[in-house]
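Below is one structure; the comments refer to it alone.
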Amino acid sequence: MDSYNAPESTPSASSRPEDYFIGATPLQKRLESVRKHSSFIPTPPRRKIPQCSQLQEDVDPQKVAFLLHKQWTLYSLTPLYKFSYSNLKEYSRLLNAFIVAEKQKGLAVEVGEDFNIKVIFSTLLGMKGAQRDPEAFLVQILSKSQLPSENRQGKVLWTGWFCCIFGDSLLETVSEDFTCLPLFLANGAESNTAIIGTWFQKTFDCYFSPLAINAFNLSWMAAMWTACKMDHYVATTEFLWSVPCSPQSLDISFAIHPEDAKALWDSVHKTPGEVTQEEVDLFMDCLYSHFHRHFKIHLSATRLVRVSTSVASAHTDGKIKILCHKYLIGVLAYLTELAIFQIE
Amino acid sequence: MDETVAEFIKRTILKIPMNELTTILKAWDFLSENQLQTVNFRQRKESVVQHLIHLCEEKRASISDAALLDIIYMQFHQHQKVWDVFQMSKGPGEDVDLFDMKQFKNSFKKILQRALKNVTVSFRETEENAVWIRIAWGTQYTKPNQYKPTYVVYYSQTPYAFTSSSMLRRNTPLLGQALTIASKHHQIVKMDLRSRYLDSLKAIVFKQYNQTYETHNSTTPLQERSLGLDINLETKFKSGLNGSILAEREEPLRCLIKFSSPHLLEALKSLAPAGIADAPLSPLLTCIPNKRMNYFKIRDK
C-alpha cells in the first residue's frame, strides 16, 4: 500500500479550466476515441475537488441565495444562435407576449390561473468558471397579483437560468454567432417550462433535452461532494437505491452521519486535491460492504437513483438541489460537463 | 368572528388542494348548501378563499368549527404525519366495562383542561368505533397554538391509540394519562412501531389482537405492505476487502437505513430469489409481523 500525505492544504485559487480537470476527462476521452474510431480504453479519469474559485468569490452570496435550497430540473441546451445580451429587455417583452398568447389559446391553463404576469430577463454576474465562459442569465415569470393585500412585485411563479461553467470544450467548437450556455435549470410548473422552451427553440434555433444523471455520475457526485471541506454540515449524507425486481419497487435509503461519511472518505482518499475513479469505487464499495454485513443485500445489484449531501443533492431524473454557496460553481461545473457530453 | 379564527380557517383552506375543496367543505357541513352555491370555484384560489372566509364570518365560525375543519383535512391527508402506536392495558382483575363514548370524551377533555387551563380539544367520530381527537396545546399562561396540534385516533374496541408524532414532547405524558384514565385503562406504553400509513399500522396491531376485526373487514386489503422498515445502525466499519480503511477509528458509523415499498413484505421476500439478497434473508427483514416492530436499533455488542 502506497503511503500518502495527510489531508492536503488548500491549493491556490485558480480559474483556468485545466485546473479543474487534471488529465483527460471522460468527455475528452470519448471524443478522442470517436475521432480515432478506436475502442474506448478507460484510464481512470480524475477530477479536482471543488474549491472556491477566484471568480466565485466575486459572486454576491445574497444575489445567488435564491438559487440555493430549490429543486431544479436539468436540461442540456445546444448553442443559441444570434442571442445578444443587449436585447434582454426586448426578449422579456417578446416572451411575455408569447406566453400570454399560448395561454389564451387554452394550452396548459390551470384552474384559477391568472394571465396577469410579467417576464424578466436578467444576467447573473459572476456565475461562470473561466473568464471565457459566457455570462449566465436568468428568466423569471412573476405574477402581478390583483389582490391589494399582496405586494406589488408579485410572487415568482417560474425561474429558469442558463449557464456555462468551464465550457471550453464546447466553446472551441462553435462560431461567434453562437452563445454557448449548455446547462439549463428550471423551477416551477412544467407547463411553463414547455412554453418557454418552445419560445427559445423558435427564437434561437436551439434544442433542449432533459438531462438524466446515471448511477455512475451520481456516485462521482457523492464522492466529490463528500470530499469538499465543510465548516459544518447542514444535511445528512444519504443514498437512495431502487430495486426493480419485486412485484412493485422497493426503495432502500441509506443515510450516514456526514462526519462519518467524511471519515470514510478520508480513509479512502489518497491523491491530494483530486478524486480518482479508484477512490470513488472504493468509497462506494465500503458502503456496499457495510450494508451487506448487516442485511446480506447486494446494493451494487440495484439502481442508485439519488445522492444527497450537505453540498448538494441529485436525482437520476435530472433534478438537483444545491445547499452550499461555497461549492455552487463546483457543482455546476460537473453538470455543465454532463450537459456538454449530451449535446455532442 | 375572531381574527385568529379567521386566519386559522384561511390557512387551513389554503392547504386544501382545489380538487378536494368541495368534498371537504361538504364533509365539514358548516357552510350551507345555499352558501356554497354562491361560490365560484373556478376562480383563482385566493379569491375562492376570500369568499369562503366571508361566508364563515356570516355564520360566525368559532374555534371549534375551525378545529373540526382541521381534523377533516388531516383525515384526508393522514400520510402527511408519522403515526406512533400506543398500547393500553387494564390492571389485573379489572373488569371490562362497556365503553361509553360520551363519558370518554368528557373525561378526556376535563383531564386536559384541569392540567393546562388553555387547551382546545375536538372530537370527530368515524366508523369502526374510532374517534379522532385533535388537541391544540397551550399552557397556564398562553393560548393554545392551533398550528401545532396533536391528533389521536383511538379505536374504542381495542386498547390501541395512534398519535401523530408531535414536536411538543412535553405534553406526551399528559396525553397518555388522559387517554388511559378516560378509557378506563391502567397503563399505557409506546410501541416500537410507526408509519405514515394508519392502515398499515392497524393491520399489524389488529391482526393479532382481534380476530373478529378481520372478518368484519375481510375486504380491506392487507395494508401492512405499505408499512416502512427503519433500522438505526451504530456499528463499527469492518471491511473484508481492505483492512486499513477506518481501522483506527473507534467510533461506529452512524447510519439510518429505511426500506419502503407499496408491498414491503413481499418485496423483501423476493430479494433472495432475484439474487439481490443472500438466502436465508436476514432476520431484520422478516420479523415485522411477529415482533410488531418496524424500527430497530442495532449496536455493536
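Numbers at a glance
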item	result
Cut-off under 5 Å, modelled amide H: who pairs with A:E274 long-range	A:I49
At 1.306 mPa s and 10 °C, Stokes D of segment A:131-222 from Kirkwood alpha-carbon radius, µm² per second	101
Whole-Hz couplings from phi, Karplus 6.51/-1.76/1.60, listed for segment A:222-230; x for Gly and Pro	4, 5, 5, 6, 5, 6, 5, 6, 10
Global geometry of chain B, whether rounded, prolate or oblate, following the gyration tensor of its Cα atoms and the 1.5 cut on a/c	prolate
Relative contact order, percent, chain B [alpha-carbon distance under 8 Å, six or more residues apart]	15
Ordering of A:328-339, B:137-148, B:107-118, B:195-206 by packing [mean C-beta count within 10 Å, highest first]	A:328-339, B:195-206, B:107-118, B:137-148
Convex hull volume per residue for segment B:67-122, taking Cα atoms only, in Å³	142
Segment B:3-78, Rg to Rh (Cα coordinates; Rh as Kirkwood inverse mean 1/r)	0.91
Estimated distance in nm for a label pair at B:E7 and A:N87, the labels positioned 7 Å out from Cα along Cα-to-Cβ	5.0
Convex hull volume per residue for segment A:264-312, taking Cα atoms only, in Å³	106
Local electrostatic count, B:F123, Cβ distance below 9 Å [Lys/Arg +1, Asp/Glu -1]	+3
Whole-percent pair-distance distribution, where bins are 5 Å wide, for the alpha carbons of segment A:61-210	2, 9, 17, 23, 20, 15, 8, 4, 2, 0, 0
Cut-off under 5 Å, modelled amide H: who pairs with A:A312 long-range	A:L323
Cut-off 11 Å between beta-carbons: net charge of the residues surrounding B:L246, Lys and Arg +1, Asp and Glu -1	-2
A:L181 long-range amide H proximity, modeled H, under 5 Å	A:L80
Over segment B:252-300, volume per residue of the alpha carbon convex hull, in Å³	106
Pairwise Cα inverse-distance average, inverted: Kirkwood Rh of segment B:46-191 (Å)	16.3
Relative exposure of B:F99, A:F291, judged by other C-beta atoms within 10 Å (fewest first)	B:F99, A:F291
Ranked B:S270, A:S308, criterion: other C-beta atoms within 10 Å, fewest first	B:S270, A:S308
Phi to ³J(HN,Hα) by Karplus 6.51 cos²θ - 1.76 cosθ + 1.60 over segment B:7-18, Hz, x for Gly, Pro	4, 5, 5, 4, 5, 5, 5, 4, 6, 6, x, 3
Distance between modelled label sites at B:R114 and B:E234, nm, 7 Å Cα→Cβ extension	3.9
Listed residues B:A61, B:P283, B:L168: farthest to the positive end of the dipole of chain B (Cβ charges)	B:L168
Gained length - B:I298 relative to B:N129, 0.36 nm times residue gap less alpha-carbon distance	57.1 nm
Order of B:C287, A:C180 - criterion: other Cβ atoms within 10 Å of each residue's Cβ, fewest first	B:C287, A:C180
Per-selection Kirkwood Rh - segment A:178-288 (Cα, Å, 1 d.p.)	17.4
Phi to ³J(HN,Hα) by Karplus 6.51 cos²θ - 1.76 cosθ + 1.60 over segment A:158-163, Hz, x for Gly, Pro	7, 10, x, 9, 10, 8
Within segment A:200-228: backbone nitrogen closer than 17 Å to the A:V174 label point (7 Å, Cα to C-beta)	A:200-211
Summed side-chain charge close to B:Q146 - residues other than B:Q146 whose Cβ falls under 15 Å, Lys, Arg +1, Asp, Glu -1	+1
Test item: B:47-53 mean partner chain Cβ contacts at 10 Å	1
Projected label distance in nm at B:A247 and A:D231, using a 7 Å step from Cα toward the beta-carbon	3.7
Hydrodynamic radius by Kirkwood, which averages 1/r over all alpha carbon pairs of segment A:208-253, in angstrom	13.2
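All of the numbers you see were taken from the coordinates with simple rules; none came from a lab. If you're wondering where the values come from, they're calculated on a predicted model, not measured in any experiment. Backbone-built Cβ (ideal geometry, glycine too); neighbour counts: all protein chains shown.
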